[in-house]
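Asks: Next up is a structure, given as structure tokens.
The values are calculated or read from the model by the stated rules, or taken from the named source; none is laboratory data. What you see is a predicted model, and the numbers here were worked out from it, not measured in a lab. Here the Cβ is made from the backbone with ideal geometry for all residues, glycine too, and neighbour counts use every protein chain on show. With ligands, DNA and RNA removed, areas are computed over all heavy atoms of the protein, side chains included. Shrake-Rupley method; radii C 1.70, N 1.55, O 1.52, S 1.80 Å.
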Amino acid sequence: MRRLTSAIMTCALVSLAAGTVRAQSLDTPKVQELYAAAKKEGQVIIWGTQRREVEWIPAAFGKAFPGIDVQFLGDNDIAVKAIAEARAGRHQVDVYQNSLTGTLPVMQRDIFAPVDWSPFAIDKRNIAFDGKMAYTSNIVYTVAYNNKLAKESDAPKRWLDSLDERYKGKGASSTFLLPRLIGGLGLAWGEDKALQFARDIVAKMNLLLTRAPRESLLQSGERIYAFGEIDSLIRAVAAEGLPVSQVVPEPVVVGQFGVTIMKNAPHPNAARLVAGFLASPEGKAARLAATSQADYGPTSDNALAKELHSGKLKVVWDTPDNMAAREALFGRAAAILTGQTR
């Protein structure tokens, strides 16, 4: 656990050097041909789930491919918006960036286009949905803690340890993130055990469930632990000087994000160029520098990715095949956590 904890707090530093040099994957003739076509279109529009997930893209993409205006929208409801736009025959967005779970309902409406990712040399293990999606980054669910009030050794090594009496009244969780974590745990534990965990953490732990940012609760000492946090967010606030650290309990739950292109994208060449950039090593390095969100996929060389793929840890990966089961369990866990059902 100590090595894994170190890896999750420092992986953002290990891979940044990759982003300082423009790699050959963006200088190939096929990419340059696509760039020329994209410049004629002059614009590209990308949607993501939060502003911080997309606001960095215009500057980073513009360094590699100047002369194309990148517009963005950050909104948690982009899946609903994309489906509504398609039904109405309005085609305003080019590139859709979301998690696998947030992509699946849109994918089921058949409004994404198949993409040739070969100009960017994207490994086939980083491509999903019959070529319609390329993976860009991951999240890992963690336990964050105030490192002035607790030590790494105090934090839970397994998710079930979160139910230990020593954490009673000391923890907080996000009403958005915790049920999604439990949905992932259910893939490892089975439905009954995961839902019992949800019941127990509510009934026994005096857990503060909130929509508000938990880092302020940790900083003030009102709560010492935050269960079910996102690794990139904690890295980011720690870099800003907040007294927070994090550990990765087992089973490790990993979320997957990626990019897709709309079937009726108004700027198809620019869409392919920005999507390919985001899935490339250069785009991944730029995302890491801007958001602290890393790639933990099979081709990543950062320390945590190597740990996750070592075979020494129990890891639950998001895949297209397990999304429906995870989403169903997430809904039931959310109902328990909010007191709607037992």
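Asks: Measuring with a 1.4 Å probe in the full set of protein chains, what accessible area per residue, in whole Å², belongs to the chain?
Replies: In whole numbers, the chain has 43 Å² accessible per residue.
Asks: Can you list the GluC sites (Glu not before Pro) in region 218-321 that are in a DSSP coil and have 11 or fewer other beta carbons within 10 angstrom?
Replies: Passing sites in region 218-321 are E240.
Asks: Which of (i) 21.7, 87; (ii) 19.9, 58; (iii) 20.2, 63 is the computed Rg and Dmax of the Cα atoms in Å for the structure on display?
Replies: Given (i) 21.7, 87; (ii) 19.9, 58; (iii) 20.2, 63, the calculated one carries the label (iii).
Asks: Now for a separate question. Compute a Gaussian network model of the chain, connecting alpha carbons closer than 10 Å, and tell me which residue from T101, T28, T260 fluctuates the most.
Replies: T28
Asks: To continue, here is another question. Show which lysines lie in cross-link reach of K39 when reach means a straight Cα distance below 19 angstrom and same-chain residues fewer than eight apart are skipped.
Replies: Answer for K39, where 19 Å is the Cα cut-off: K30, K63, listed by chain and number.
Asks: Right, next: Can you give the FRET efficiency to the nearest 0.05 for R125 and A84, using r as the Cβ-Cβ distance and R₀ = 30 Å?
Replies: 0.35
Asks: Now for a different question. Give the cross-link partners of K148 among the lysines, using a straight C-alpha distance below 16 Å as the criterion and excluding same-chain residues fewer than 8 apart.
Replies: Counting by Cα, and skipping residues close in sequence, K148 has these lysines nearby: K170.
Asks: With the cut-off at 30 Å, tell me which of the pairs K168/K306; K40/K132; K263/K306; K81/K168; K124/K193 have Cα atoms farther apart than that.
Replies: K168/K306; K263/K306; K81/K168; K124/K193
Asks: When we measure straight from the Cα of K312, which lysines land under 17 angstrom away, once same-chain ones fewer than 8 places off are left out?
Replies: Result set, ordered by chain and number: K157.
Asks: Related question: How large, in percent, is the carbon and sulfur part of the accessible surface of region 162-277 at a probe radius of 1.4 Å?
Replies: With neighbouring chains kept in place, the figure for region 162-277 is 47 percent.
Asks: Also, quick follow-up: Amide H to amide H under 5 Å from N147: which residues, 5+ apart in sequence or cross-chain, H placed 1.01 Å off N in plane?
Replies: V244, S245
Asks: Something else now. Quick one: Cα centre-to-centre distance for region 110-185 and region 284-331, in angstrom?
Replies: Centre-to-centre (Cα) distance: 7 Å.
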